[in-house]
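Peer 1: Quick one: the structure is below, questions incoming.
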Amino acid sequence: MEIKLLDIAHGRSGDKGSAANIGIIAYNDEGYEIIRKYLTPEKVQEHFKGICKGEVERYELPNIRALNFILNDTLGGGGTVSLKFDAQGKTLAAALLRMTLHIDD
């Protein structure tokens, strides 16, 4: 079965120097279990393979049904030094929410 991440969660993103962080927050407990099981650092790394050059770290925040991803070496040094169009990573959550997850029925 396929499910769009956008249908079960919302997100927010920003910068931490050269790293971007993306918070994905599930709308309900069922959605949180889906993202916790299927939204892995490896899937996020693959989704951003053209821009994320470092390791992807994942932190679980079950009390708010959220996952926080740190995408290391993604922003070209950060907002004050990068020549990237989105040097602060503000659009990355929207890009990740377009992902389709393949889940068990």
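Peer 1: Would any residue of segment 15-35 have its amide N under 13 Å from a label point 7 Å out along Cα→Cβ of residue 64? List them or say none.
Peer 2: Output list for this probe position: 22-26.
Peer 1: Connecting C-alpha atoms closer than 10 Å in a GNM of the chain, tell me which of 23, 54, 11 has the biggest fluctuation.
Peer 2: The residue that fluctuates most here is 54.
Peer 1: Using the count of nearby Cβ atoms within 10 Å as a rough guide to exposure, how do 102, 47 rank from fewest to most?
Peer 2: The fewest-first ordering by Cβ neighbours comes to 102, 47.
Peer 1: Report the label-to-label distance for residue 55 and residue 72 in nanometres (one decimal), using points 7 Å from each Cα along the Cα→Cβ vector.
Peer 2: 0.4 nm
Peer 1: In which sequence would 18, 13 go, from the one with the fewest C-beta neighbours within 10 Å to the one with the most? Can you show the working numbers first?
Peer 2: Working: 18 18, 13 23.
If I rank by nearby Cβ atoms, fewest first, I get 18, 13.
Peer 1: Also: Could you list 48, 69 so that the one with the fewest beta carbons within 10 Å of its beta carbon is first and the one with the most is last?
Peer 2: Going from sparsest to densest Cβ surroundings: 48, 69.
Peer 1: With a cut-off of 8 Å between alpha carbons and a minimum separation of six or more residues, what is the relative contact order of the chain in percent?
Peer 2: Details: 213 pairs, mean separation 43.3, N = 105.
Once normalised by length, the contact order is 41 percent.
Peer 1: Only Lys, Arg, Asp and Glu count, each charged at its Cβ (+1, +1, -1, -1), so figure out the dipole size of segment 2-102 about its Cα centre, rounded to 20 debye.
Peer 2: Dipole size: approximately 240 debye.
Peer 1: Please give the helix 29-38 orientation as an angle from the longest Cα principal axis of the chain, in degrees from 0 to 90, rounded to the nearest 10.
Peer 2: 60 degrees
Peer 1: Name the residue, out of 51, 22, 35, whose mean-square fluctuation peaks in a Gaussian network model built on the chain with Cα pairs under 10 Å.
Peer 2: 51
Peer 1: A follow-up question, please. Just to be sure I follow: if Rg is taken over the C-alpha atoms of the chain and Rh is the Kirkwood radius over the same atoms, what is Rg/Rh?
Peer 2: 0.98
Peer 1: So between residue 40 and residue 100, what do we pick up on full extension, going 0.36 nm a residue minus the alpha carbon distance?
Peer 2: Answer, rounded to one decimal: 20.3 nm.
Rule-based calculations on the coordinates, nothing more; no lab input. Here the structure is a predicted model, which means the values were calculated and not measured. Backbone-built Cβ (ideal geometry, glycine too); neighbour counts: all protein chains shown.
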